[in-house]
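Read the structure below first, then the notes.
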Amino acid sequence: MRLQNIEREWPTLVHGAGPQVWAFFDDFNEGLATSTTSALSKWTLLETDAAATELLDLTESGGVLKITQAAGASDVVSMIANAGIKLSDMKAGETLFFGARFKVTDADDCHLHIGMGIHDTSYQASVPADMVVFQIVDASANLNLIARKDAAATTVSGAAVVADATYVKAFFAYTPTSTLDIGELEYKVHSNGIMTEGTLQTAGNFPDDEVIFPVIQFQNGAASADTCSIDWVFAFATRADHVNGTG
């Protein structure tokens, strides 16, 4: 599997990478760079409730982004990166990687989407046509994986079970065939001391015809407040203009 050694190999994918690769990484150690205006900062931020906060929590080693969502079932905190990739810009035969480490205080009382997709203010409400994300749905602590193109989806339901206030590491890798929306989507999840992994064929449902961006969206599932902590997020792809041996 392409994900077999992703945790060991990831540093080598970034260090020394030249302009012919697309690499996104944020471990929030330098704070949180956001703007409500697209492309003016590292992330575009939307809050539907002014009481929500996104702060760097230095009580955990290295610092983590802590999103505190105030009481109210309809409130959304949306963070979409201002750096994305389109599959047609990737080198043929190469793989798109994504990974994140996160935890939720109350895992079965929230909506969470973390992965890659188009700009949309609420993934839970509008179910955007193009995305590939890990998802938690209110009233279930299951972590699903969804590949969705033009409103058609291929889904792994219950790829893992998320425990309250316990970090999850979730990765996916997508290797398209000559038909970009058809290929193998691999996933690997560490959750509550259990590692699960698997593959699925996207059957034409991987979003290849839009630029997709790293995305974090956190929404309350009920009237009580909830907290989501993000340790790091990365995404990586080799561009079509890459020449081996040139960085």
Q. For residue 240, all conditions in the list (1) farther than 19 Å from residue 140 by Cβ; (2) open to solvent by less than 10 Å² (accessible area, probe 1.4 Å) hold save one; what is the number of the exception?
A. (2)
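Taking residue 203, is it open to solvent by 40 Å² or more (accessible area, probe 1.4 Å) and on the phi > 0 side of the Ramachandran plot? Break it down into steps so the answer makes sense when it comes.
Values: open to solvent by 40 Å² or more (accessible area, probe 1.4 Å): yes; on the phi > 0 side of the Ramachandran plot: yes.
Here the answer is yes, as residue 203 does meet what is asked.
Consider residue 133 carefully, then state whether it is open to solvent by less than 40 Å² (accessible area, probe 1.4 Å), touching a Pro at 6+ places or on another chain (Cβ under 7 Å) and part of a strand (DSSP E or B). Lay out the reasoning, then the answer.
Values: open to solvent by less than 40 Å² (accessible area, probe 1.4 Å): yes; touching a Pro at 6+ places or on another chain (Cβ under 7 Å): no; part of a strand (DSSP E or B): yes.
No: the conditions fail for residue 133.
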Q) Which residue out of 80, 85 is within 15 Å of the chain's Cα centre (by Cα), of a type in the set (Val, Ile, Thr) and farther than 24 Å from residue 166 by Cα? A) 85
Q | Failed condition for residue 219, given (1) open to solvent by 20 Å² or more (accessible area, probe 1.4 Å); (2) out of contact with any Cys (no Cβ under 9 Å at 6 or more places or on another chain) | A | (2)
Q) Within the range 181-200, which residues are buried (at least 18 other Cβ atoms within 10 Å of the Cβ) and either closer than 14 Å to residue 94 by Cα or not aliphatic (A, V, I, L, M) (or both)? A) 181, 183, 185, 186, 187, 188, 191
Q: Please work out if residue 147 is open to solvent by 40 Å² or more (accessible area, probe 1.4 Å), of a type in the set (A, V, I, L, M) and touching a residue at least 12 places away in the same chain (Cβ under 8 Å).
A: no
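Check every one of the strands (runs of 3 or more DSSP E) wholly within the range 164-247 and list those with 3 or more residues that are more than 15 Å from the chain's Cα centre (by Cα) and either closer than 30 Å to residue 57 by Cβ or modelled with pLDDT under 95 (or both). Spell out how you get there, then give the answer.
Details: elements: 168-176, 183-191, 194-201, 213-220, 226-238.
Per the criteria, 183-191, 194-201, 226-238.
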Q) Restricted to the range 81-112, and to residues that are closer than 19 Å to residue 36 by Cα and either surrounded by 24 or more Cβ atoms within 10 Å (Cβ to Cβ) or among the small types (Gly, Ala, Ser) (or both), which residue is modelled with the lowest pLDDT? A) 83
Q: With respect to residue 178, determine if the residue is farther than 26 Å from residue 68 by Cα and either buried (at least 17 other Cβ atoms within 10 Å of the Cβ) or among the polar types (S, T, N, Q) (or both).
A: yes
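The values are calculated or read from the model by the stated rules, or taken from the named source; none is laboratory data. Source: prediction; values computed, not measured. Note: ideal-geometry Cβ built from the backbone for every residue, glycine included; neighbour counts use all protein chains shown. The area values use the complete protein model at the heavy-atom level, side chains included, leaving out ligands, DNA and RNA. Shrake-Rupley method; radii C 1.70, N 1.55, O 1.52, S 1.80 Å.
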